[in-house]
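The values are calculated or read from the model by the stated rules, or taken from the named source; none is laboratory data. Worth saying up front: this structure is predicted, and the values here are computed from it rather than measured. Quick reminder, even Gly has a Cβ in these numbers, built from the backbone with ideal geometry, and neighbours come from all protein chains shown.
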Amino acid sequence: MGQPLALRKDFSGSELRRLARASRDANQTRRLLALSVVYDGGSRGVAAETGGVGRQILRDWVERFNAEGPDGLINRKAPGAPSKLDDTQRGALAQVVERGPDPEIDEVVRWRLMDLAAWIWDEFAISISEATLSRELKALGFTKLSARPRHHDQDPEAIDAFKKTFPHASKKSGPRSRPAPK
């Protein structure tokens, strides 16, 4: 069985409890209170019970606390997967979208996500999903635009004839039928 890690000497149990009271992060508060038990001479098992975790997790908290202080006990956002496209590839994608498709070369009349994903595969040999590509385009400042649907046999003259042409008279309302309540 290994030796327990020593805690930093620049804090005490009462200081950690004071920091826990001031903290707005529930997880940090729980961790600070668990470490205050160790500072006050309690066993690591009791400290782990106080924090509601096992001893290995408590040891991880001690390592983070020793390295970064009380701020090391705040949950961090997970970094997530790295982006599939680098800055030069994003720049090329933005140029292609701005330029628009050439029907003779690209064989499309408008860019769809599936067409852009195929273009990225042809140019960079990177397989990218339509959802990921949509997020990349949104990050580049592009939004999805849809043309208003129009029937191919639509007659503009029939539309004009159908429009209502009532005069816009601003007639004042007549007198009230009943007096207003007092």
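Structure values in brief
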| read-out | value |
| --- | --- |
| The one condition in (1) hydrophobic (A, V, I, L, M, F, W, C); (2) exposed (fewer than 11 other Cβ atoms within 10 Å of the Cβ); (3) assigned by TED's automatic domain parsing to the domain that holds SER23 that PHE65 fails to fulfil | (2) |
| Any hit, the stretch 28-37, residues being in contact with a Lys or Arg (Cβ under 7 Å, 6 or more places away or on another chain) and in contact (Cβ under 8 Å) with a residue 40 or more places away in the chain | no |
| Answer residue from the stretch 1-38, given it is surrounded by fewer than 16 Cβ atoms within 10 Å (Cβ to Cβ), aliphatic (A, V, I, L, M) and part of a helix (DSSP H, G or I) and is farthest from the chain's Cα centre (by Cα) among those | ALA22 |
| Test for GLY41: is it touching a helix residue (DSSP H, G or I) at 6+ places or on another chain (Cβ under 7 Å) and exposed (fewer than 14 other Cβ atoms within 10 Å of the Cβ) | no |
| Residues (outside any loop (DSSP other than H, G, I, E, B) and of a type in the set (A, V, I, L, M)) located in the stretch 78-100 | ALA92, LEU93, ALA94, VAL96, VAL97 |
| Qualifying residue in the stretch 63-77 (condition: modelled with pLDDT under 90, part of a loop (DSSP other than H, G, I, E, B), among the aliphatic types (A, V, I, L, M) and farther than 25 Å from SER146 by Cβ) | no |
| Scope the stretch 107-138; condition under 17 Å from ALA92 (Cβ atoms) and exposed (fewer than 11 other Cβ atoms within 10 Å of the Cβ); matching residues | ASP122, ALA125, SER127 |
